[in-house]
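Before any comments, here is the structure.
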Amino acid sequence: MKTKLSVFLAVIGFSAGLSLAEDIATLDGNAYNDVRDVAPKASGLFFVVGSGGSVRGVTVAFTNLSTEVREKYHCDSYDIALMKARQNQIVYLNKNLAFSMDNLEAAKKKAQDENKLLGFIMEWDSMLVPAYPMRQGGDGGLAHFYDVFHDNLVLVFVRHESELNKVPGAVGQGFFGPDEGGFAPNMAVVTADCSKYVCEIPYGGQHSNGQIREQIFRDKIAVIKKFIADQEGKK
């Protein structure tokens, strides 16, 4: 009797294990079966696949996952980016971290291809130095903008020294509007084709630091998410 019960429980356990198996499909057509140890990380959704000698870890960018998959595994890429910035790791700021105004068409194409908005960051060249995102100062602010938004938007650096008069009209609504705040860096968010203004994200004032900026970022991220939801609702 004990042997039969053990076999029965083993079968039930095996069946339950099968029912708990997870599969993940990506937007580019890859499919991963029987995944485990699924967890959102700063770089994307991490999980383990394979067995025996073929076990491997896989990280898939959040932008390569459907809305359903992201919601299932609680993958809010903005929350993860804010968490990463809070770790205050140095960012080696340089012009190559974002598109320039000279490459605006390439930035627009990337945004359209990846279904993202564009973020135009007003900066001074003196800010392009190694910086910590949670600190005060323009370089810290620029590092903070970069950490939080570079995976979620397509970024374009705009030189305060010479390029403010070259930005598209929708960007100008932010840069020259009431929400700009009077300090750089700040960022205007617009649609991928630069036709619609979404919001302006200010630096946060003379004494801005990471804590002050994080609350500003959270408020503006809510505006961005609402804009995207409204646009998707019109399709």
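Condition check ((1) more than 20 Å from Arg159 (Cα to Cα); (2) at pLDDT 95 or above; (3) in a helix (DSSP H, G or I); (4) in the same structural domain as Met134 (by TED's automatic domain parsing)) across all residues:
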residue	(1), (2), (3), (4)
Ala184	no, yes, no, yes
Ser195	yes, yes, no, yes
Asp219	yes, yes, yes, yes
Lys226	yes, yes, yes, yes
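For Val167, the criteria (1) within 22 Å of the chain's Cα centre (by Cα); (2) crowded, with 22+ Cβ neighbours inside 10 Å hold in every case but one, which is (1).
So is Ala106 assigned to a helix (DSSP H, G or I), among the aliphatic types (A, V, I, L, M), under 30 Å from Ser195 (Cβ atoms) and at pLDDT 95 or above or not?
Yes, satisfied.
Is it the case, given these coordinates, that Ser77 is surrounded by fewer than 17 Cβ atoms within 10 Å (Cβ to Cβ) and either within 25 Å of Phe120 (Cβ to Cβ) or modelled with pLDDT under 95 (or both)? It is false that Ser77 is surrounded by fewer than 17 Cβ atoms within 10 Å (Cβ to Cβ) and either within 25 Å of Phe120 (Cβ to Cβ) or modelled with pLDDT under 95 (or both).
Being of a type in the set (A, V, I, L, M), at pLDDT 95 or above and assigned to a loop (DSSP other than H, G, I, E, B), is that true of even one residue in segment 158-166? No, the conditions are met nowhere in segment 158-166.
A search for C-beta distances below 9 Å between a residue of segment 60-88 that is at positive phi and any residue that is surrounded by fewer than 16 Cβ atoms within 10 Å (Cβ to Cβ) and of a type outside the set (A, V, I, L, M, F, W, C), counting only pairs 6+ apart in sequence or on different chains, returns Asn88/Arg135.
Return a yes/no flag: does segment 1-9 have any residue that is at pLDDT 95 or above, part of a helix (DSSP H, G or I) and basic (Lys, Arg). Checking segment 1-9: not a single residue is at pLDDT 95 or above, part of a helix (DSSP H, G or I) and basic (Lys, Arg).
If the condition is being buried (at least 18 other Cβ atoms within 10 Å of the Cβ) and closer than 16 Å to Ser43 by Cα, then segment 80-94 contributes Ile80, Ala81, Leu82, Ala85, Val91.
Exactly one residue among Ser162, Ser208 is in contact (Cβ under 8 Å) with a residue 60 or more places away in the chain and of a type in the set (Ser, Thr, Tyr), and that residue is Ser208.
For segment 40-64, filtering for residues that are modelled with pLDDT under 90 and surrounded by 11 or more Cβ atoms within 10 Å (Cβ to Cβ) leaves 9.
The values are calculated or read from the model by the stated rules, or taken from the named source; none is laboratory data. Values in this document were obtained by computation on a predicted structure and should not be read as measured data. Note: ideal-geometry Cβ built from the backbone for every residue, glycine included; neighbour counts use all protein chains shown.
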